[in-house]
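S.K.: Submitted below is the structure of interest, expressed as structure tokens.
The values are calculated or read from the model by the stated rules, or taken from the named source; none is laboratory data. Only a predicted model underlies this, so the values are computations on that prediction, with no experimental measurement involved. Because the Cβ atoms are built from the backbone with ideal geometry, glycine has one as well, and the counts that use them run over all protein chains shown.
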């Protein structure tokens, strides 16, 4: 009996933790006022006919607090990388200096900060939805186990409460991550 409940709760906890980690990764792409290499990692470049992540065809480095440098491993990739950064939707305007591409980060306006705040909250809501879906799956598995007489009604009720507590804990984690990112966005 306890193995079934333990398996369901461990699976739910692992999947909820993955949702929080996915949120953190998604929020790394949301630009604050500081430069970091992760900002460009999701950009793909056309490399000899295949879409390749930028960090596999070039070295991305933080030059200073407000700019990045991108140094292609293959010198013929400079124009393709510059074009990919411009078309990324991040509002960046790269400048080519020989074999290196400098990517200055413009100062965020108040309006842009508020827009990014909305993006952050939407990402957070998506993470909460994923967590609630995991809760629903866990509860469904518990009800199936109860039908198959693998667990008692009391065990099902206790396990249901445990899954709800996990959901509450991970939802609170999502709220903390969102609040921290919003503070970063509003800091000048």
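S.K.: Does residue 120 meet the test of being assigned to a helix (DSSP H, G or I) and either surrounded by 12 or more Cβ atoms within 10 Å (Cβ to Cβ) or under 26 Å from the mean Cα position of the chain (by Cα) (or both)?
M.R.: Details: assigned to a helix (DSSP H, G or I): yes; either surrounded by 12 or more Cβ atoms within 10 Å (Cβ to Cβ) or under 26 Å from the mean Cα position of the chain (by Cα) (or both): yes.
Judged against the criteria, residue 120 is a match.
S.K.: Looking at 143, 157, 176, 149, which one is at positive phi and free of Cβ contacts under 8 Å to residues at least 60 places away in the same chain?
M.R.: 149
This table checks each residue for (1) modelled with pLDDT of 90 or more; (2) outside the structural domain of residue 53 (by TED's automatic domain parsing); (3) loosely packed, with under 13 Cβ neighbours inside 10 Å.
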site	(1), (2), (3)
79	no, no, yes
84	no, no, no
92	no, no, no
116	no, yes, no
124	yes, yes, no
130	yes, yes, no
139	yes, yes, no
168	yes, yes, yes
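S.K.: Looking only at strands (runs of 3 or more DSSP E) that lie completely in region 1-86, which have at least 1 residues being touching a residue at least 24 places away in the same chain (Cβ under 8 Å) and under 23 Å from the mean Cα position of the chain (by Cα)? Spell out how you get there, then give the answer.
M.R.: Details: elements: 44-47, 50-53, 58-64, 67-72.
Counting at least 1 such residues, we get 44-47, 58-64, 67-72.
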